[in-house]
Amino acid sequence: MRVADPHDPLLRQVLPLSDELRGAAGFELDPVADQAAGQRPGLLQKYARRALMVTTPICAVHCRYCFRRHFDYQSTPRTLAQWQPALDQLGRDAAIEEIILSGGDPLMLTDHRLGELITQLESIEHLERLRLHTRLPVVIPQRVTAQLIQMLRSCRLTTIIVIHTNHPAELDSSVAESLGRFSDAGIPVLNQSVLLRGVNDTVETLVALSRKLINLRVMPYYLHQLDRVAGATHFLVPRETGHRLVAQMRSQLPGYAVPRYVVEQPGMPHKTLLD
Ligand SMILES: *Cc1c(COP(=O)(O)O)cnc(C)c1O
Ligand code: SF4
């Protein structure tokens with residue numbers, strides 16, 4: 001962040017503003033219907049073959065546009081015993097082949113707690129892949145230790161890391177190093193961004209972000225249209241602007257560097273492609 005610049009795009013992501021108190025029709029506490037997707041404490045399933053675990057309420061940053069900013073984390077399991085109903089459910093449902101660890105941020109767990117959970121998941125025979133959705137490699141790059149890499153490498157499941165960055169200034173040399181540790185270990189790294197007014201709603205920023213990512217061996221995955229969560233109206237970029245930005249990105253980047261522009265629509269069996 002640039003010091004003393006209230007418009008800094010990194011600061012904007014975490015700065016509480018009085019704008020948040022402005023109500024707006026259609027902005028809700030649970031915009032993506034997480035509540036309805038709850039299967040067992042901590043376990044969400046919306047899509048075929050994959051399920052998501054809300055592993056902790058804790059994040060290293062509190063993004064003001066977070067679609068889980070009002071999520072009810074009361075029933076989030078903290079111990080293996082509390083995870084048992086979710087683990088039993090996963091064990092019973094042989095159609096699930098991929099488990100996504102989300103949160104909060106799964107890398108806010110200690111290696112010990114994360115390892116315990118991964119060991120349980122590995123023992124579920126029909127699981128094939130482990131995906132971690134995490135912002136920690138970006139906001140606390142030191143979290144990506146040799147020990148963590150070792151744990152993921154020795155996991156039976158194919159591991160995929162999905163980070164979350166929105167602006168090229170988030171990717172400094174220490175972040176480059178932390179991301180390189182996954183790639184060097186043969187663990188694919190993807191990125192998801194959210195299209196945010198005042199943060200990354202220009203073609204220059206989005207192109208610079210994608211270029212920086214691919215140079216770091218990180219594949220741009222999703223560019224999310226903002227989830228309409230209460231308190232985040234000031235971040236909204238109209239879809240027409242989003243379409244235009246993605247079209248401009250496409251004319252400046254290799255095909256693999258253009259993220260899929262998507263929105264999450266409750267009730268749909270997949271994220272909805274917007275372009
Ligand atoms: C977005 C999401 C996923 C992952 O979807 P992909 O399209 O596979 O990245 C899985 N579960 C839930 C509940 C989600 O919201
Ligand atoms: S890192 Fe993700 S889960 Fe955590 S506050 Fe930000 S958007 Fe929400």
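The values are calculated or read from the model by the stated rules, or taken from the named source; none is laboratory data. Remember, it's a predicted structure, so these values are computed and weren't measured experimentally. All Cβ positions, even for glycine, are placed from backbone atoms using ideal geometry, and neighbour counts span all protein chains on display.
Tally up the residues in the stretch 123-152 that are among the charged types (D, E, K, R) and away from ligand 2 (no atom under 16 Å from the Cβ), please.
At the first step, the residues of the stretch 123-152 found to be among the charged types (D, E, K, R) are 125, 128-129, 131, 135, 143.
Now narrow it down to the ones that are away from ligand 2 (no atom under 16 Å from the Cβ): 125, 128-129.
Residues flagged as among the charged types (D, E, K, R) and away from ligand 2 (no atom under 16 Å from the Cβ) within the stretch 123-152 amount to 3.
When the stretch 49-89 is examined, which residues are found to be within 30 Å of residue 198 (Cα to Cα) and of a type in the set (A, V, I, L, M, F, W, C)? Spell out the reasoning first.
Our first condition is that a residue be within 30 Å of residue 198 (Cα to Cα); within the stretch 49-89, this holds for 54, 56-73.
Within the stretch 49-89, 54, 58, 59, 60, 61, 63, 66, 67, 71 qualify.
Tell me, which helices (runs of 4 or more DSSP H) wholly within the stretch 94-159 include 1 or more residues that are farther than 24 Å from residue 46 by Cα, out of contact with any Leu (no Cβ under 9 Å at 6 or more places or on another chain) and without any contact (Cβ under 8 Å) to a residue 12 or more places away in the chain?
Values: elements: 111-122, 136-139, 146-153.
Those helices (runs of 4 or more DSSP H) span 111-122, 146-153.
What is the residue count in the stretch 255-270 for residues that are of a type in the set (D, E, K, R) and crowded, with 17+ Cβ neighbours inside 10 Å? Quick ask: steps written out before the conclusion?
Keep residues of the stretch 255-270 that are of a type in the set (D, E, K, R), which gives 260, 264.
Next, only the ones that are crowded, with 17+ Cβ neighbours inside 10 Å stay: 264.
Looking only at that region, the number is 1.
Looking at residue 95 and the list (1) surrounded by 15 or more Cβ atoms within 10 Å (Cβ to Cβ); (2) within 16 Å of residue 130 (Cα to Cα); (3) small (Gly, Ala, Ser), which single condition is not satisfied?
(1)
Any residue in the stretch 246-259 that's without any contact (Cβ under 8 Å) to a residue 24 or more places away in the chain: show its pairings with residues that are hydrophobic (A, V, I, L, M, F, W, C) at Cβ separation under 9 Å, as long as the two are six or more apart or on different chains.
250/258
Here is a yes/no grid of residues against (1) more than 16 Å from ligand 2 (Cβ to nearest atom); (2) more than 24 Å from residue 268 (Cβ to Cβ); (3) of a type outside the set (D, E, K, R); (4) surrounded by fewer than 15 Cβ atoms within 10 Å (Cβ to Cβ):
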position	(1), (2), (3), (4)
14	no, yes, yes, yes
22	yes, yes, no, yes
26	yes, no, yes, yes
32	no, no, yes, no
43	yes, no, yes, no
48	yes, no, yes, yes
57	no, yes, yes, no
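Do we find a residue being more than 16 Å from ligand 1 (Cβ to nearest atom), closer than 24 Å to residue 236 by Cα, in a loop (DSSP other than H, G, I, E, B) and free of Cβ contacts under 8 Å to residues at least 12 places away in the same chain anywhere in the stretch 25-34?
Checked the stretch 25-34: at least one residue is more than 16 Å from ligand 1 (Cβ to nearest atom), closer than 24 Å to residue 236 by Cα, in a loop (DSSP other than H, G, I, E, B) and free of Cβ contacts under 8 Å to residues at least 12 places away in the same chain.
Go through the stretch 36-70 residue by residue and tally those that are part of a loop (DSSP other than H, G, I, E, B), more than 13 Å from ligand 1 (Cβ to nearest atom), among the charged types (D, E, K, R) and in contact with a helix residue (DSSP H, G or I) (Cβ under 9 Å, 6 or more places away or on another chain).
1
Which condition does residue 267 not pass, out of (1) more than 18 Å from the chain's Cα centre (by Cα); (2) not in a loop (DSSP other than H, G, I, E, B), if it passes all the others?
Failed condition: (2).
For the stretch 208-259, enumerate the residues that are in contact with a strand residue (DSSP E or B) (Cβ under 9 Å, 6 or more places away or on another chain) and assigned to a loop (DSSP other than H, G, I, E, B).
Initially, the stretch 208-259 is screened for residues in contact with a strand residue (DSSP E or B) (Cβ under 9 Å, 6 or more places away or on another chain), giving 209-210, 212-214, 216-230, 235, 239, 242-243, 245-246, 249, 253, 256-259.
Answer for the stretch 208-259, where residues must be in contact with a strand residue (DSSP E or B) (Cβ under 9 Å, 6 or more places away or on another chain) and assigned to a loop (DSSP other than H, G, I, E, B): 216, 217, 225, 226, 227, 228, 230, 253, 258, 259.
Here's the yes/no breakdown for (1) touching a Phe, Trp or Tyr at 6+ places or on another chain (Cβ under 6 Å); (2) surrounded by fewer than 21 Cβ atoms within 10 Å (Cβ to Cβ):
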position	(1), (2)
197	yes, yes
202	no, yes
211	no, yes
223	yes, no
228	yes, yes
234	no, yes
239	no, yes
253	no, yes
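Just to be sure before I move on: is residue 127 under 26 Å from residue 174 (Cα atoms) and at pLDDT 95 or above in the structure I sent? Step through it out loud before you land on a result.
Values: under 26 Å from residue 174 (Cα atoms): no; at pLDDT 95 or above: yes.
No, not satisfied.
Is it true that residue 80 is out of contact with any strand residue (DSSP E or B) (no Cβ under 8 Å at 6 or more places or on another chain) and of a type in the set (A, V, I, L, M, F, W, C)?
Numbers: out of contact with any strand residue (DSSP E or B) (no Cβ under 8 Å at 6 or more places or on another chain): yes; of a type in the set (A, V, I, L, M, F, W, C): yes.
Taking the combined requirement at face value, the residue satisfies it.
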